[in-house]
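*Asks:* This is the structure I want to talk about, given as structure tokens.
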Amino acid sequence: MRSGADELRGDTLVVEQGGRKLRADGQVALRLTPKEKDKERVTVEAQARRMMYDEGARRIDYEVDVVMKH
């Protein structure tokens with residue numbers, strides 16, 4: 001799943017509540033470049049067995065064998 005430069009991969013992707021919540025299971029890999037005003041954009045990469053994203057809370061949770069780097 002892609003949006004601009006951001007990318008999410010997983011064995012299973014589930015979109016809920018009209019796209020406001022997202023769950024990925026299996027071999028999950030995320031590449032995300034957060035947009036922040038007046039700051040250099042830094043890409044964050046994460047790998048895990050499970051990821052949950054809640055747009056309303058602006059929160060990403062990773063579980064099991066988590067590796068993150070920037």
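The values are calculated or read from the model by the stated rules, or taken from the named source; none is laboratory data. Note that the structure is predicted; figures quoted are calculated from it, not measured. Glycine also receives a Cβ, built like all others from the backbone with ideal geometry; neighbour counts cover every protein chain displayed. Side chains included, ligands, DNA and RNA excluded: accessible areas come from the protein's heavy atoms. Shrake-Rupley method; radii C 1.70, N 1.55, O 1.52, S 1.80 Å.
*Asks:* Could you please find all residues in the range 49-62 being open to solvent by less than 60 Å² (accessible area, probe 1.4 Å) and charged (D, E, K, R)?
*Replies:* Result: ASP54, ASP61.
*Asks:* Mind listing just one residue for me: the one in the range 3-22 that is closer than 18 Å to MET68 by Cα and outside any strand (DSSP E or B) and, of those, least open to solvent (accessible area, probe 1.4 Å)?
*Replies:* The residue in question is GLY10.
*Asks:* Going by the conditions given, is VAL66 touching a residue at least 12 places away in the same chain (Cβ under 8 Å), among the hydrophobic types (A, V, I, L, M, F, W, C) and open to solvent by 60 Å² or more (accessible area, probe 1.4 Å)?
*Replies:* The answer is yes for VAL66.
*Asks:* Taking the condition of being outside any strand (DSSP E or B) and either among the hydrophobic types (A, V, I, L, M, F, W, C) or surrounded by 10 or more Cβ atoms within 10 Å (Cβ to Cβ) (or both), how many residues in the range 23-48 meet it?
*Replies:* Count: 4.
*Asks:* Looking at GLY19, is it out of contact with any Leu (no Cβ under 9 Å at 6 or more places or on another chain) and in contact (Cβ under 8 Å) with a residue 24 or more places away in the chain?
*Replies:* When the stated conditions are applied, GLY19 passes them.
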